[in-house]
1. Distance from the Cα centre of the stretch 1-22 to that of the stretch 423-445, in angstrom?
2. State the extension gain, in nm to one decimal, for the chain segment bounded by Glu215 and Ile9, taking 0.36 nm per residue of separation less the distance between their alpha-carbons.
3. In angstroms, what radius of gyration and Dmax does the stretch 1-57 have, counting Cα atoms only?
4. Per the 1.4 Å probe, what fraction of the accessible area of the stretch 1-57, in percent, lies on carbon and sulfur atoms?
5. With label points built 7 Å along Cα→Cβ from the Cα atoms of Phe399 and Leu481, find their separation and express it in nm.
6. Taking a label point 7 Å from the Cα of Gln578 along the Cα→Cβ vector, which residues of the stretch 557-572 have an amide N closer than 18 Å to it?
7. What FRET efficiency, computed as 1/(1 + (r/R0)^6) with R0 = 56 Å and r the Cβ-Cβ distance, is obtained for Glu553 and Trp468, rounded to the nearest 0.05?
8. In nm, what is the difference between 0.36 nm times the number of residues separating Met426 and Thr70 and their Cα-Cα distance?
Amino acid sequence: MLLSVLILIGAILVPSEYQWLYSTHIILVCLYLIGTHRFWLLFLTFLSLISWQLSENVAKPKFSLLNTKTLFFDQPTQALYNKGEQPLLLLKGESVALTLSGSDGESHYFEKVRFDSVALAPKNSVEVGITKVTVANKAGSWLEKKLYRERIPALLEGQVDRNLVRLDKPLIPAQDMAIPLRRFINEQLDAVFSRYESWRFTRALLLGNDDGWDERDKWMVRALGLAHLFVVSGLHTGFVFVFGRIFSRLCWRFSAQSWVLSGLNCWQFDALIIMPMLLFYAYLTDWGAPVVRASIMLSLYLLSRVLMLQVSPYKVVTFALWGMLLLDPRAVLQPGLWLSFSLVCLLIAFTQSSGRWIRVFLLQLMLSTASMVLIWGWQAAVSIISIPLNLFMVPLAAFVWFPMAALASLEGFVLQTDYLYWLLDMGLQWVIRALEAAAFGLPMLSFDRFLHPIAKGLLLFLVVFWIWQWPLRRGWLCFLLIWGVLLVPREKVSQVEYQVVNKGGELAFERAAQIQFTSRWSREDVSKRLLVLFNEQSQWNSLALLLTSNTKELTPRVLLSGEIDWIVMNKIPSLALQARLAGLKINWLSIEPGEALLFRRENGVVEVRHLACSFSIFLFKSDTCRRVEKLEFMLN
């Protein structure tokens, strides 16, 4: 099973130019399996190869043909049209992403834009001039990799000569008027319960739908460490399993005796009832990866009980991972997949060695510690009561909130009444008020959002070693070391105003998490790429930084223009270029792939930080760290 998983992982991660070598390796593996008569593994290997071929070997339309073309966009139906040009007919029926800039300068992003070809565009469509086409490529820039991972064939960028109005929901094309059952159920529940303030949280708990949340709600849930409750995951699938188990045992108790005489046992009855419930819940939540993973694992558990087999939980996890990758091999590039499976493996390892009475508290402590290490770099702070709050909220959600909400939803969908939810809402109002008071009134534990990969790797090693050595004293020592690193005071880097990030060799300047420009823009006139920081107030020096990913752009004319103070590159320049820049008194700084340069202001001082200098010591600072200090000094 592990071999089949590795085959799917390698099929995606191996660069395209080495696919022939990888295919040769797979052929040798198949011959080895035939020679050792491991035909079951050979069958699984063939399934993995078929899944890979169906996923990757698809026709790639030539979206580059759309560059500089004029198309027509119908915003209500989100469809692109061309007037029957023969080369563009091959793109008919394809779905792309579209970014449009209106006459007011505001950008609008549209997903799943359908491409069509008609002789006459719809009356209300707008004329779009395509300015740039980015095609998905797993070995390309960060944007091309993102498109590849999300299965978006291409991103089109265009301009229109009018203002676009943002629509809450696109209209449904006539050919797609059949309403899916999932959407119909959601609309019926919203019609019954939307008048309750707590419904936005209940809907997220049941179905993972947080469309009704504002930024305040999102921050509150993340700060309290409760995001796993309101993002449909294996925890919710476990709720459905327990609910189905209770319902199954009640039905079994009152079932006819003839069923028992016919050979049907309670485990077979559980499988017949719970497995369809898990399948339907996965459908309701739009086949989320954690739900599918947990459904596969629980279904295997039921089948092992039916067949009276003793199966290792790690084998069940491995089979679930193989099933996920079999359905979507590109899921190997999703961080959520690995976070989910990592925590499940840690959960299994810890529960097999922990005591009975303090298991609940220690389990929550282990999960919180491991998850904070895994997601370090994504969240700046967490509430000090995150662990005890989870000890309260998880049982509340499991035994009260989720089952009562499920029954209330069944009542609302069938009877169109809300009596049970009215009763639940009275208690939820107090719970939500308490959560808001805890999030906004209690102090937070601040974490360093930017951590060097080596340091994070060492922390992950400590987590694994802790679980392995538990419950020996060496395990507790690892636990204390982990929290010592998590809580050690460091330089503050929150509230970053600007940052320059190297994404796949391309430098991008971001402001408020939005990309303003990259080193590939305006190649014909690099002066348009000059970055002038903090020029709005005179208390800071305004320096002009040039972002470049190609040193050939640094011609004598550009360097002698007198406009450049610093040059930011994606790699260390050659010695000859360093000497030339030193002679012209132009400073330079390199940002390697995956690194970033951060700028923030606090108490009248500009702070600059390079991620490669996270754990540098005064006596051992690299040349890059010294250059960052010089840049910070010049800005102040």
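The values are calculated or read from the model by the stated rules, or taken from the named source; none is laboratory data. Values in this document were obtained by computation on a predicted structure and should not be read as measured data. Cβ placement follows ideal geometry from the backbone for every residue including glycine, while neighbour counts extend to all protein chains displayed. Areas reflect the complete protein model, heavy atoms only, side chains present, ligands, DNA and RNA absent. Shrake-Rupley method; radii C 1.70, N 1.55, O 1.52, S 1.80 Å.
1. Distance between centres, Cα-based: 48 Å.
2. 70.6 nm
3. For the stretch 1-57, the Cα radius of gyration and maximum Cα-Cα distance read 11.0, 32 Å.
4. 77
5. Rounded to a tenth, the inter-label distance reads 3.8 nm.
6. What the label zone holds, given the 18 Å backbone N cut-off, is 566-572.
7. 0.60
8. The Met426-Thr70 span can extend by a further 122.5 nm.
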